[in-house]
Every structure is written in C-alpha cells, then in structure tokens.
1. Restricting to the stretch 77-116, count the residues that are surrounded by 24 or more Cβ atoms within 10 Å (Cβ to Cβ) and either acidic (Asp, Glu) or on the phi > 0 side of the Ramachandran plot (or both).
2. Looking for whichever is in a loop (DSSP other than H, G, I, E, B), in the same structural domain as THR26 (by TED's automatic domain parsing), over 16 Å from the mean Cα position of the chain (by Cα) and modelled with pLDDT of 95 or more here; the options are THR388, THR380, THR337. Which one fits?
3. Quick one: which of PRO265, PRO261, PRO278 is in contact with a helix residue (DSSP H, G or I) (Cβ under 6 Å, 6 or more places away or on another chain) and at pLDDT 95 or above?
4. Only one of TYR105, TYR77, TYR119 is closer than 25 Å to LYS167 by Cβ, of a type in the set (Ser, Thr, Tyr) and touching a Gly at 6+ places or on another chain (Cβ under 9 Å); which?
5. Counting only residues that are surrounded by fewer than 23 Cβ atoms within 10 Å (Cβ to Cβ) and among the β-branched types (Val, Ile, Thr), how many does the stretch 179-209 have?
6. Would you check if GLU312 is closer than 30 Å to THR103 by Cβ, modelled with pLDDT of 95 or more, surrounded by fewer than 24 Cβ atoms within 10 Å (Cβ to Cβ) and within 16 Å of the ligand (Cβ to nearest atom)?
7. Restricted to the stretch 155-208, and to residues that are more than 14 Å from the ligand (Cβ to nearest atom), of a type in the set (Gly, Ala, Ser) and within 20 Å of GLY81 (Cβ to Cβ), which residue is modelled with the lowest pLDDT?
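The values are calculated or read from the model by the stated rules, or taken from the named source; none is laboratory data. It should be emphasised that the depicted structure is a prediction, and the values quoted were computed from it without experimental measurement. Because the Cβ atoms are built from the backbone with ideal geometry, glycine has one as well, and the counts that use them run over all protein chains shown.
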Amino acid sequence: MASTGAGDAVAEQCVARIDRERLAATLGELIGLPSVNPFGDAPRDGQGEQRVAQYLNDRLERLGWGCEVVEYAAGRYNAIGRLAGGGGRSLMFAGHLDTVETTDYPEPFAGTVRDGRVYGRGACDMKAALACYLEVAEVLAEQAVSPPGEVFVAGVGDEEFRQEGAKALGASGPLVDGVIIGEPTELTICHATKGLAAYDLVVTGEATHGSVPQHGSNAILGAAALLTSFGDYQRLLAERSHPLLGPPTANVGVIEGGVRPNIVPARCEVQLSRRLLPGETAAGAREELVRSLARAGGGGQWSVGDAWWTVEPYELPAGHPLAGAIAGAAGCCGVDTEPRGFPASSDAAYFGSPVVLFGPGSLAQAHSLDEWVSVADLVTATEVYVRTVLAFG
Ligand SMILES: [Zn+2]
C-alpha cells in the first residue's frame, strides 16, 4: 500500500491506530533504562546508552525493520533501524539515547504514568520522542504500509555532552533527504537551533601575604574588574537578532580562585559560555569576547583560551520540502505550523542532512528534578510524525 499525502485515507487509518496506552508504556520502559551521560568519564560497564539502543533495536526488529546497534566508540552506542520504502525521499527520525544526571532527583527511573503524564528522567528530553518513533513503526506495521521513501530511526549517544553519536552517524551512517529530531519543542516546528561555545578566562596575579596586599597582585580582583564589563558585552549581543532565534546570549557559569583568606590569590579562573547563532563561529565569538573584556581595562594578566566545548548552530535551508511536509502534517493535527527557533543546542548540525526539530514536551521540564511529558503531547507528536512520513516521501 502506498500513500501520497498527510491527510489522505491511509494517513487517517494509521492515525486511528495510535495507541496512547502502548505509547505511554513504551516511554515508561525507556525511562526505566537509565542512560545518564558519563560527561567525559569513562563509560561504566553496561552504560545505559547501550541498553536503550538495544531496546530500540529489538522493538524495531520485531516489526520487520533492518536494525543495527553500532559501538561507535569504546562503550558508546548508536542504534539504526531502517524500513524499506518506495523510491521517494528518505526520512530519518533521530533522537538521543542519553540523559543528564539524576543527582537529587527522587525516583528518576520509575517511569510513572499518572494523571495523563509520564514522569522521570528523560520523560521529555528526549525519550518521549523515541517512544513516538516506535509508535510510528507500530502503526505502519499494523497497517502494512510501505512508505513512499525509506524511513530510518536513529538513536544516538552523547547528545548532552559532545554529540559524538550524531557525529559518528553523520560521518558513516545513511545520508537521508530529511531528519526530524524530536527534542522537546512544545510541538512547534523549529528550523534553527543555537550553538554553544564554552571558554576559560584565566586571570593571573602575584601571591603575597594577605597583610601586605599592596606588594602582590590580586587575581580575583582582576577577574572582578574584567567582569564588570560583562553587562556591556551582553548588551552588545542583544543588538543583533536572528529572525527565529533572537539574539545570542552569554553566561558566566563558574568562578574559582584563591587558596585562603590570608593569601593574595595568584590565579582566578572563570568559565563562560556563549550561545551561537547560525553563521557565528566559536573562534569569532571568542575574538569579540576578548575585545569586549579588553575595553574594561584593569585586570592585570589575563587570557581567554580557545573554546573547549562547542556545539555547532544549525539552520534549515529556506524552502526545503521537509518544512512543507511537516507543516502540512501539523496543520492536519491542529498545532502551530509557523517556523520557530529552538533556543537550546542539539545534534542538528551533525547528521549531514537537512533537519527540522519537532517534539513533545517542553524545555521547562527538561533537565529539571520533575521531568514529565503529557500523554496528549505524545499522541499528537506521533500523529504529526506518521502524517509526515506519508507526505514527505
Ligand atoms: Zn535533548
């Protein structure tokens, strides 16, 4: 059976098969597979990304998809599933397998379904979308739909830190005509995401006895003098704006310096981050930051190193057919069809294929100590995904 549109009879039959109980139960099971990103530490034995990758693999394999779990780096995994289709455009549903940490989170892996919501770490960011992708696969199988183009589901590791899973997939995985990433966009269609660059500002002084500070040079006061200009820097950034993402922003995240109150400190380190707009680079943003700090004067000896953590920004090329397909699908479901920007960073720049972000849940709950997603959002996202599969190919 083939289909040609987001709103035709095949799409209606598939949408009618979406099973909200199965969808919520799938998400509960995914939450029950802890997959906290090790954030640069060596992955522990059986680190959870592998378990989640295997879960996706097993569910899709049962539905007749061609599947593979790939160890792209020691102890780190991606899962790729492929459903054969006609000769139309190929579409990939991509999502990250990892979550942020669970410190102070009560019962993070319970995956409880209560009052129309599913709770737990990863509930919206972004095991919700993984559950929706599996539900898409379920209804396509139940209706014996051969999609107009190949469909892939990709679960990738390490989104929350260095995006190594998406980079590995982009380097050696299937190139497709369009990728949907189901990050928690509150069911809005996002054509652009900000990037991230993190820098260390190091201020050096001269240590001496705290009773004769005039004989030394205080690195903490030097850092403080430099940071008095940070408001000016933020105002400078606010003067430019991307049509979907608004202005870039900057944050002072960590400050460390000194040894004891009776010693003039010789060193102070500040960790800064800058959200990048499409077209901006980490190197260019560093130069601008240095120029802005230099205008503050004072501060003694200081330097800003190259970015030690970067996530590239992304923007979908104008007029791409994926934009029309997903907007048509969203229109059939009564949700917002206007292109938006996603303010957080994501894997979008690394798949080597055009990307739209659209997913259930909200960044307001992501990374929080009470993460949840509504089952209604899960159902709507699945419906939009099903209709997009049928319309895009
Ligand atoms: Zn995410």
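1. The total comes to 1.
2. Values: THR388 fails: in a loop (DSSP other than H, G, I, E, B); THR380 fails: in a loop (DSSP other than H, G, I, E, B).
Just a single option satisfies the conditions, and that option is THR337.
3. After applying the criteria, what remains is PRO265.
4. None of the others qualify; the one that does is TYR77.
5. 4
6. So GLU312 passes the test.
7. Among them, the one singled out is GLY173.
Each row is one residue, and each column tells you yes or no for (1) among the basic types (Lys, Arg); (2) within 16 Å of the ligand (Cβ to nearest atom); (3) out of contact with any strand residue (DSSP E or B) (no Cβ under 6 Å at 6 or more places or on another chain).
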site: ALA323; (1), (2), (3): no, no, yes
site: GLY328; (1), (2), (3): no, no, yes
site: CYS332; (1), (2), (3): no, no, yes
site: SER346; (1), (2), (3): no, yes, no
site: PHE358; (1), (2), (3): no, yes, no
site: SER368; (1), (2), (3): no, yes, yes
site: VAL384; (1), (2), (3): no, no, yes
